[in-house]
1. Taking the Kirkwood radius as the inverse of the mean 1/r across Cα pairs, report the Rg/Rh of region 174-232.
2. Want the number for residue 173 to residue 242: 0.36 nm per residue separation, take away the alpha-carbon distance, what's left?
3. Obtain the nm distance between the two label points defined at residue 13 and residue 54 by a simple spin-label model: each point lies 7 Å from its Cα along the Cα-to-C-beta direction.
4. Rounded to the nearest 0.05, what FRET efficiency do residue 74 and residue 26 have when you use their Cβ-Cβ distance and R0 = 30 Å?
5. Under a Cβ-only charge scheme (Lys and Arg +1, Asp and Glu -1), can you give me the dipole magnitude of the chain about the Cα centre, in debye to the nearest 20?
6. Based on other C-beta atoms within 10 Å, arrange 108, 133, 273 from fewest to most.
7. Taking the Cα centre of region 125-280 as the origin, how large is its charge dipole in debye, to the nearest 20, when only Lys and Arg (+1) and Asp and Glu (-1) carry charge on their Cβ atoms?
8. How long are the semi-axes of the equivalent ellipsoid of region 1-68, defined as square roots of 5 times the Cα gyration tensor eigenvalues? Whole Å, largest first.
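Computed from the coordinates by the stated procedures, all read-outs in this text should not be read as laboratory data. Remember, it's a predicted structure, so these values are computed and weren't measured experimentally. Don't worry about glycine lacking a Cβ; one is built from the backbone with ideal geometry, like all the others, and counts go over all protein chains shown.
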Amino acid sequence: MTDRYAVIGNPIEQSKSPFIHTEFARACGQTIEYGRILGPTGGFAASVDAFRAAGGKGMNVTAPFKLDACAYCTDLSVDARLAGAVNAMKFEGDRVWGENFDGVGLVRDLQVNLASPLKHKRVLVLGAGGATRGAWLPLLRCLPAELVVANRSVDKALDLVEIARQHLPDLVQQCQVRATGYPELADQGYDVVLHATSAGLSGEGPPVPPAVFSPGALAYDLTYGKGLTPFLRLAQAAGVVRLADGVGMLAEQAAEAFAWWRGVRPDTASVIRQLTVPLQ
Ligand code: NDP
């Protein structure tokens, strides 16, 4: 029987995962089936149970179920546990392994695809939701000179600093890790500015002053497929020429999941090329 995988979310029609994994399988000469499942509100566990009972081997998880997936898994990776969110599951008998590949996907896109090493750089993350929680420790492991998180609700940003202190104390000694609100951002520039709020979904830009972009900065919006988002437009107006969206992050986290399930890591270039919406 062909090995079966799926992505679960609500809504789910927009998900690129079936396309990406089908492309990866073709490129790696593997035969898999990859579908999409619309999880009913409150019905995550029942949907996953049914998929496993039908022989499913693994799943990707998207909004709003990443926290439900965390509770569902029997075994969590360190990144998934600290993020409190799972974006990939692997089923083996009674065991359900949970991973969160958003962070490694983002870091790989920045450092490899965009050739922007983070070591000794000043990095600012806007937003402290699920995506930032998944990316936080992977970003710190790259040893930036500074890692600053700004959030509307500052307490969530402070939680992230505490998580870093607890879990990577040695790195916190070597890197300035700070939390802040938006109004306090005025005076300092950063080499890499990552936009990880959902404000753009409603067409708004985050309230950041143009001074946060150092000369030569990279402005990166985790949102993808929307062209020039309000955040990227704001960066461009501030003179930033290095602009990127999250399509590479999406492809890289998918490649990590594929490698975890299938034992072979696909090249992402073709998928990124096909899914890229020009930033204009
Ligand atoms: P969450 O809902 O978990 O977090 C939302 C964040 O946005 C919070 O920090 C929230 O602040 C902030 N926010 C929402 N509205 C506003 C506003 N009007 N002004 C300022 N801040 C606001 O979302 P995620 O972390 O899951 O996702 C964030 C983004 O990342 C989304 O655009 C998503 O599409 C993208 N993403 C991309 C991925 C990829 O592979 N490329 C993977 C995962 C996510 P507060 O805490 O104060 O409410």
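1. Computed over Cα atoms, the ratio is 0.97.
2. 21.8 nm
3. The answer from the label model is 2.0 nm.
4. It comes out at approximately 0.40.
5. Magnitude of the dipole: close to 340 debye.
6. By the 10 Å Cβ count, ascending, the order reads 273, 108, 133.
7. That gives a dipole near 340 debye.
8. 21, 14, 8
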